[in-house]
Amino acid sequence: MKKNIVESMAFFASQEFEASFRYDGKDLGAVCGEDGTVFKVWSPFAEKIGLRLFRDGMTEEVCLEEEMQAEEKGVWKLTFPESLHGMYYDYLVWNDGKAVRTADPYAVGCSRNGGRSMVVDLRKTDPEGFREDRAPEACEERIIYELHIKDFSYDAESGIPRAFRGKYKAFTVPGEMGKYPTGMEYLKRLGITHVHLLPFFDYGSVDEAGDEEQFNWGYDPVNYNVPEGSYATDTEDGIVRIRECKEMIGALHKNGIRVIMDVVYNHTHQEDSWLERMVPGYYYRYNEDGSLANGSACGNDIAAGRAMVDNYIADSVMYWAREYHIDGFRFDLMGLLTVELMNRIQGELDEAFGKGEKLLYGEPWSADSSPMEEGTTAAQKRNTGFLCDGIGIFSDDTRDAIKGSVFYADNPGFVNGGQGLEKAILHAAAGWKNGGACFEPRSCSQIINYVSAHDNYTLWDKLVLSMHGEKADFDRKYADVLSANKLAAFIYFTCQGNLFFQAGEEFGRTKQGEDNSYCSSPELNMLRWQRTVEYGELVEYYKGLISLRKKLPGLCDKSPSAARRVMCGRIQGEGVVSFLVDNRDVRPSRWEELFIVYNASDLRQTVRLPEQERGDLEIEHKDYPEGAEETKTAVWEVLADGSRADCCRQAEITAEGIRVAPHSGMLLGRRS
Ligand code: CA
């Protein structure tokens, strides 16, 4: 099987290859139960493959070495009549007369630092009650909280027991140990519906035998189907990470929160991965000159679009959904994967768990171009309309319109002094459905609205930098930054689509101006729980927005017609826009219509209501007295303004309209 790169690439994509070697069985890996253990690998060009068994994850002493038997379609198999649960293993794969050692890319367990695979009878890893574990009922809205496992509990102020800090286990304690709610108790009170956890498959950048001072976001996969070891309380016994990861998920479910897993199938920690060692040359993309493609900017691109690569990715997603009860997946650099693969994954999840039960979304871009397989469609933003309804994309257009470019610290958006953004903001409100950003989503349900994520500056830092310059003090509670923060949240919480924010955005999280903290200290990265008190006003505002959003069917609508609910979009002046939302629904709502104003200007604005524009609002007194409580035409109620969200008081409407304070939003509901 000697071919040059170009020939190999063509061969891998050919009908001939598919017919001879495509294997659709779901039994690759080591499947272990009371009645035996079956090892299967896919490696169509190997000359022979040897299996080696070990007592533990460290010692070099081989307990048993045995040759695998070749089966059809490039599969190799070895069967044992007994359960080998708890044994460790690896393979010697022979190519060109040379043996290369590898762990099993399909392994479900591994040794400390992942170098050796582990045989696991998965039923023996379930914590108590996990078999009965179910995701909480789907909520009216998806409000996704992006969280890193270590960030969540590393701060001693969390009150979480020391042994659990930075670990899966931190999610299993109530978070009521200290002077104020932290941890799980805090999450519950906040009202978010989903926690999106940064990568927790086994990754390579943290030494699992090393100290607690290490930190990494974890976008460097080693064992795709095994939980990361550094979040477990014991890294030596490969079962512990599996059990504790399940405990975390079970605890989130018990507290009414669904769990989304951040997955990184676009590249691996190193090109010299288990996939590469198992089938050299097959799993990565190459340029015509034979060099590795690097659309991920991480050194290699997984060759999504090839039959067995797609099978690998789809099988891995299904595994996490089934075995760990994961409720959704966020795809890192989804633009390097294909529309065909994403739709297939959605289809398989829908079939297994019910339509829309599992949420999918991703970054609809790549770091650089990558040689995709011919005939495939990149899952890039421009192709959003080809993705199924249920597959979402991060809306960088909404993000940048609200707060400015992520690449230039001083570049402002609508809320922090940017000009000429009124139109973009109105497009954002309507979920970009009308092609306002050179792409056309199939429906607003595909839009993930956000203004902060782990990448780039925190929202607080971005606002401080753009409003007060580089020498600013990130720990100072600037009043204008606070208002801009509230307005930014107000805006995306009133846009069509799904809602997403980085943990701590609601308490002015700062990383002291560091925009790429992927391997910074845990102290810089961690959630500082004291800030939930210090910025309590902001936390309350977010809580209000969260609870209000869930009550407004006109904003929660995920059907293809949701964009049509947004009407009468109007630029009222520089930095001031307004629009109406049809809030009627099958479930009764107190308000049939919403009127929303964003005022990013420095002045108090008086904005006419739609019926005033039409001239059919009766105003009793032409000169409405300041501070008056009521008028007979005041059927509008204020549901949120710049200082409070989720309130309900009669709106004060004058002949000129409704007054909206500078740097704030206004949300009115018209009584049904
Ligand atoms: Ca690891």
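Can you check what the Kirkwood hydrodynamic radius comes to for region 162-218, Cα pairs only, in Å to one decimal?
Numbers: mean 1/r = 0.0749 Å⁻¹.
About 13.4 Å, per the Kirkwood formula over Cα pairs.
Using a 7 Å offset from the Cα along the Cα-to-Cβ direction at both K48 and S205, what is the distance between the two label points in nm, to one decimal?
Taking the two extended label points, one gets 4.2 nm.
Which value in Å does the Kirkwood hydrodynamic radius of region 293-332 take, with 1/r averaged over all unlike C-alpha pairs and then inverted? Show your work: numbers first, answer last.
Numbers: mean 1/r = 0.0865 Å⁻¹.
Value: 11.6 Å, from the Cα pair sum.
What does the charge count near Q270 come to, summing +1 for each Lys or Arg and -1 for each Asp or Glu among other residues with Cβ under 12 Å from its Cβ? Each step should come with its number before you reach the end.
Details: positive: R277; negative: D220, E271, D272, E276.
Local net charge: -3.
Does region 314-446 classify as rounded, prolate or oblate by the C-alpha gyration tensor (a ≥ b ≥ c root eigenvalues; a/c under 1.5 gives rounded; else a/b over b/c gives prolate, otherwise oblate)? Mind showing how you got there, number by number?
Values: a/c = 2.06, a/b = 1.82, b/c = 1.14.
Since a/c reaches 1.5 and a/b is larger than b/c, the shape of region 314-446 is classed as prolate.
So what's the net charge close to I239: Lys and Arg +1, Asp and Glu -1, counting the other residues with Cβ under 15 Å from its Cβ? Write out the running numbers ahead of the final one.
On the way: positive: R55, R112, R116, R123, K124, K169, R241, R243, K246; negative: D56, D121, D126, E128, D202, E208, E228, D234, E236, D237, E244, E247, E323.
Neighbour charge sum, excluding I239 itself: -4.
Which of the lysines could a cross-linker span from K254 if the Cα-Cα distance has to be under 24 Å and same-chain partners fewer than 8 positions apart are dropped?
Cross-link targets: K124, K150, K167, K169, K179, K188, K246, K355, K358, K543, K550, K551.
Using alpha carbons only, how many degrees (0 to 90, rounded to 10) separate the axis of helix 459-468 from the longest principal axis of the chain?
50
Report the Cα-based extents of region 21-146 along its three principal axes, largest first, to the nearest Å.
Reported extents, whole Å, longest axis first: 59, 33, 31.
Please order F200, F331, F474 by the number of other Cβ within 10 Å, starting at the fewest. Numbers along the way, then the final one.
On the way: F200 24, F331 27, F474 20.
The most exposed by this proxy come first: F474, F200, F331.
Rounded, prolate or oblate for region 222-270? Axes are the square roots of the Cα gyration tensor eigenvalues, ordered a ≥ b ≥ c, and the cut-off for rounded is a/c under 1.5.
Numbers: a/c = 3.26, a/b = 1.24, b/c = 2.63.
Oblate shape, in that a/c is at least 1.5 and b/c is the bigger or equal ratio.
According to a simple spin-label model (label point 7 Å from Cα along Cα-to-Cβ), what is the distance in nm between E82 and V38?
So the two model labels end up 2.1 nm from each other.
How many percent of Cα pairs in region 177-266 exceed 19 Å? Working shown, then result.
Numbers: 1903 of 4005 pairs.
Considering region 177-266, 48 percent of its Cα-Cα pairs are separated by more than 19 Å.
Taking the simple approach of a point 7 Å from Cα along Cα-to-Cβ for both R101 and E212, what is their distance in nm?
Modelled inter-label distance: 3.3 nm.
Determine, from the Cβ-Cβ distance of R382 and R162 and an R0 of 45 Å, the FRET efficiency 1/(1 + (r/R0)^6), rounded to the nearest 0.05. List each step's numbers first, then the result.
On the way: r = 49 Å, r/R0 = 1.09.
The calculated FRET efficiency here is 0.35.
May I ask for the percentage of alpha-carbon pairs in region 481-578 that lie more than 17 Å from each other?
Working: 2952 of 4753 pairs.
In whole percent, the share of Cα-Cα pairs in region 481-578 beyond 17 Å is 62.
May I ask you to list the trypsin sites (Lys or Arg not before Pro) in region 122-217 that are in a DSSP loop and have at most 12 other Cβ atoms within 10 Å of their Cβ? Intermediate results must be reported in sequence, preceding the final value.
On the way: sites: R123, K124, R131, R134, R142, K150, R162, R165, K167, K169, K179, K188, R189; in loops: R134, R142, R165, K167, K179.
Those satisfying the criteria are R134, K179.
How large is the Rg to Rh ratio of region 460-514 when both quantities use alpha carbon positions and Rh follows Kirkwood? Walk me through the numbers before you get to the answer.
Details: Rg = 11.8 Å, Rh = 11.9 Å.
Radius of gyration relative to Kirkwood radius: 0.99.
Over 19 Å apart: what share of the alpha carbon pairs of region 239-383 falls there, rounded to a whole percent?
Working: 5641 of 10440 pairs.
That tail contains 54 percent of the Cα-Cα pairs.
Would you mind getting me the FRET efficiency between D475 and S369? Use the beta-carbon distance for r and R0 = 41 Å, nearest 0.05. Can you show the working numbers first?
Working: r = 41 Å, r/R0 = 1.00.
That gives a FRET efficiency of 0.50.
Full-extension gain between E72 and A19, please, as 0.36 nm times their residue separation minus the C-alpha to C-alpha distance. It would help to have the intermediate numbers written out before the result.
Working: separation 53, 0.36 × 53 = 19.08 nm, distance 1.12 nm.
The span from E72 to A19 would gain 18.0 nm if fully extended.
Suppose R0 equals 51 Å. What FRET efficiency, 1/(1 + (r/R0)^6) with r the Cβ-Cβ distance, do R123 and V533 give to the nearest 0.05?
Numbers: r = 44 Å, r/R0 = 0.86.
Approximately 0.70, to the nearest 0.05.
What's the local net charge at R330, with K and R +1, D and E -1, over the other residues with C-beta under 14 Å away? Display every interim value, and only then the final one.
Numbers: positive: R142, R258, K358; negative: E146, D262, D327, D332, E363, D455.
Neighbourhood net charge equals -3.
Hey, fewest Cβ within 10 Å first, where do C388, C519, C245 land in order?
Working: C388 19, C519 12, C245 25.
Result, fewest neighbours first: C519, C388, C245.
With 10 angstrom as the radius, rank M87, M318 by how many other C-beta atoms surround their C-beta, starting from the fewest. Spell out each step's value before the answer.
Details: M87 21, M318 17.
If I rank by nearby Cβ atoms, fewest first, I get M318, M87.
On average over all directions, what projected area in square nanometres does the chain have, based on the convex hull of its Cα atoms?
Average of the hull's projected areas for the chain equals 30.4 nm².
If each DSSP helix of 4+ residues adds -39,500 (n - 2.57) and the sum is divided by the residues in the chain, what number results at 222 nm, nearest 500 deg cm²/dmol?
Working: 17 runs with 155 residues, N = 672.
Taking each H run of at least 4 residues, the total per residue is -6500 deg cm²/dmol.
Work out the charge dipole of region 195-253 with +1 on the Cβ of Lys and Arg and -1 on the Cβ of Asp and Glu about the Cα centre, then indicate which of Q214, G250, V240 is farthest towards its positive end.
Towards the positive end, the residue furthest out is G250.
Read the figures in this text as sums done on the coordinates, not as results from a lab. In this text the structure is predicted, and so the values were computed from the model without any measurement. Cβ coordinates were reconstructed from backbone atoms using ideal geometry, including for glycine residues, and neighbour counts include every protein chain displayed.
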